[in-house]
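Below is one structure, written out as structure tokens; the observations come after it.
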Ligand SMILES: Cc1ncc(COP(=O)(O)O)c(C=O)c1O
């Protein structure tokens, strides 16, 4: 059992490694696959490189060298990084069906009438907290195919409408995200649908691996953006987790790329009420551990109770810190990004997107967590990467938080700056 530390409303586990085993990271995240994903994504009409926004004034205020936010809130018309994973998995599915090589893969070919004629009608199916399903619906429509998306009963109407906008059929399942995943798999089997799930389970790993590989397009972009500023690698990466696939992609990609030469410190952040990766890290016994119940949090994209086993394979070897934080930390992160210090850019971030910056602020602004601060060595030499994983994907909730001040910071944890 790993020791859980708590101070200033953050719980954390420090996972020390005698040495990190990079073999899984190298196997799952070879640079050639990242290049293939980027090559395909860059052919999609409307693709452009999202900003790597620097917030130098916030960095100075917090006493760190640089704060860099990869702004996936601007990712095409989807406002979330999620589409990069689902689309890559679907492109690879087509490749398998067509039995063609990587060199023969092109967006124009995949969307051609020749391919449609060859493959006929396919229905893709997935469960979602919102963003993944929207990305799958968008990709299916682009390829002229059908889509069934399963959401849980707490999913907001705005998120459901955003999926339906791409002609997907949306099924609402009682319970939480994990119940929606299970029902989707049962129905897909009955109806002959192709499941494109971002989480994995026994015997279902190829598609979720490809989804994780698809996310690495944004990391290749970020690396180019860092090197144009004379930064080789970030020194720290804060990454949020639902089932842990994004975190594993980011941490696996950087671990493989750095190949043991001073990799960044990796910090995985989750909501207090849905911290399945944290729970798994706490037991650290080679198995994943679940959280049951409603998983109620404002961070809809992170409301998952079951860690993806293939993601854990990467995280257990390479992540350095697991953290869980209350909802107001994400709400404060949204407000910090939407109302920046003079000279820093404004960033529109949703709840799941903002939690990592909120966590850094909480960590560096409050007393009592010196052990974690010392371990992370966050100082003027640190260049910290965050991923704003979503923009304003739920406008009503965004206004309630940013305009009306819902999920306020409790008096005990207000900072004096
Ligand atoms: C906005 C956003 N951020 C982060 C995540 C977390 O991704 P994962 O479930 O791969 O951990 C999600 C997942 O849906 C999401 O929608």
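The values are calculated or read from the model by the stated rules, or taken from the named source; none is laboratory data. Just so you know, these numbers come straight off a predicted model, no measurement behind them. Every residue, glycine among them, receives a Cβ derived from its backbone with ideal geometry; neighbour counts consider all protein chains shown.
Pairs are defined by a Cβ separation below 8 Å, a sequence spacing of at least 6 or placement on different chains, a first member in segment 387-403 that is under 14 Å from residue 161 (Cβ atoms), and a second member that is part of a helix (DSSP H, G or I) and away from the ligand (no atom under 13 Å from the Cβ); the pairs so defined are 393/158; 394/158; 395/158; 396/158; 397/158.
Just one residue in the set 73, 130, 46 is crowded, with 20+ Cβ neighbours inside 10 Å and at pLDDT below 95; that residue is 130. Being assigned by TED's automatic domain parsing to the domain that holds residue 10, out of contact with any strand residue (DSSP E or B) (no Cβ under 8 Å at 6 or more places or on another chain), more than 14 Å from the ligand (Cβ to nearest atom) and modelled with pLDDT of 95 or more is true of residue 273. Can you spot a residue in segment 224-234 that is within 20 Å of residue 318 (Cα to Cα) and in contact (Cβ under 8 Å) with a residue 12 or more places away in the chain? Yes, that holds for at least one residue. Screening residue 112 with (1) away from the ligand (no atom under 15 Å from the Cβ); (2) more than 19 Å from residue 337 (Cβ to Cβ); (3) in contact (Cβ under 8 Å) with a residue 12 or more places away in the chain gives one miss only, at (3). Of the candidates 158, 127, 180, 139, the single residue that is out of contact with any strand residue (DSSP E or B) (no Cβ under 6 Å at 6 or more places or on another chain), touching a residue at least 40 places away in the same chain (Cβ under 8 Å) and farther than 18 Å from residue 88 by Cβ is 158.
When residue 387 is tested against (1) surrounded by 20 or more Cβ atoms within 10 Å (Cβ to Cβ); (2) away from the ligand (no atom under 16 Å from the Cβ), only condition (2) is not met. Working only within segment 299-336, note down all residues that are within 16 Å of residue 400 (Cβ to Cβ) and touching a strand residue (DSSP E or B) at 6+ places or on another chain (Cβ under 8 Å). Within segment 299-336, 299, 327, 330 meet the criteria.
Those helices (runs of 4 or more DSSP H) of segment 304-399 in which 2 or more residues are over 20 Å from residue 215 (Cβ atoms) occupy 327-338, 351-365, 370-376.
Kindly establish whether residue 281 is away from the ligand (no atom under 12 Å from the Cβ) and in a helix (DSSP H, G or I).
yes
Of the helices (runs of 4 or more DSSP H) lying entirely inside segment 59-135, those containing at least 3 residues that are within 20 Å of residue 33 (Cβ to Cβ) are 82-98, 107-110.
Looking at segment 144-247, the helices (runs of 4 or more DSSP H) lying wholly inside it that each contain 3 or more residues that are more than 16 Å from the ligand (Cβ to nearest atom), assigned by TED's automatic domain parsing to the domain that holds residue 353 and out of contact with any helix residue (DSSP H, G or I) (no Cβ under 6 Å at 6 or more places or on another chain) sit at 206-227.
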